[in-house]
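K.L.:
If you scroll down you'll find the structure; I have some questions about it.
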Amino acid sequence: MADQITVGTRVSWATSQGRTRGRVVERKTADFQFDGQKFTASRDEPAFIVESEKTNARAAHKGSALRALTS
């Protein structure tokens with residue numbers, strides 16, 4: 001699934017308040033820090049920075065946590 005997700009892809013992901021939607025703003029293929037947390041990423045298992053449509057807040061997620069949306 002992560003192969004289908006690129007910068008600009010509209011996605012959804014789970015939050016404590018339910019599913020939310022947004023867009024991928026960055027694809028990470030090496031380990032990185034975001035918002036004080038360490039994340040693991042590789043070419044085979046990239047991570048993504050996403051921006052919420054509702055709040056414009058950004059978050060980092062593994063590709064497996066994201067669902068690509070068709071519209």
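K.L.:
Working only within the range 11-20, note down all residues that are surrounded by fewer than 16 Cβ atoms within 10 Å (Cβ to Cβ) and either touching a helix residue (DSSP H, G or I) at 6+ places or on another chain (Cβ under 8 Å) or not small (Gly, Ala, Ser) (or both).
P.N.:
14, 15, 17, 19
K.L.:
So which residues in the range 21-44 are modelled with pLDDT under 95 and either under 16 Å from residue 4 (Cα atoms) or surrounded by 15 or more Cβ atoms within 10 Å (Cβ to Cβ) (or both)?
P.N.:
Of everything in the range 21-44, those that are modelled with pLDDT under 95 and either under 16 Å from residue 4 (Cα atoms) or surrounded by 15 or more Cβ atoms within 10 Å (Cβ to Cβ) (or both) turn out to be 43, 44.
K.L.:
Just the residues that are free of Cβ contacts under 8 Å to residues at least 12 places away in the same chain and either of a type in the set (Asp, Glu) or not in a loop (DSSP other than H, G, I, E, B) (or both), please, taken from the range 12-71.
P.N.:
Within the range 12-71, 15, 18, 19, 31, 33, 38, 44 meet the criteria.
K.L.:
Let me ask something else about it. Take residue 52 and tell me if it is more than 19 Å from residue 70 (Cα to Cα), open to solvent by less than 60 Å² (accessible area, probe 1.4 Å) and at pLDDT 95 or above.
P.N.:
Criteria not met by residue 52.
The values are calculated or read from the model by the stated rules, or taken from the named source; none is laboratory data. Keep in mind it's a predicted model, so treat the numbers as computed, not measured. Cβ: placed from backbone, ideal geometry, glycine included. Neighbour counts: every protein chain shown. Only protein heavy atoms, including side chains, enter the accessible area calculation; ligands, DNA and RNA are left aside. Shrake-Rupley method; radii C 1.70, N 1.55, O 1.52, S 1.80 Å.
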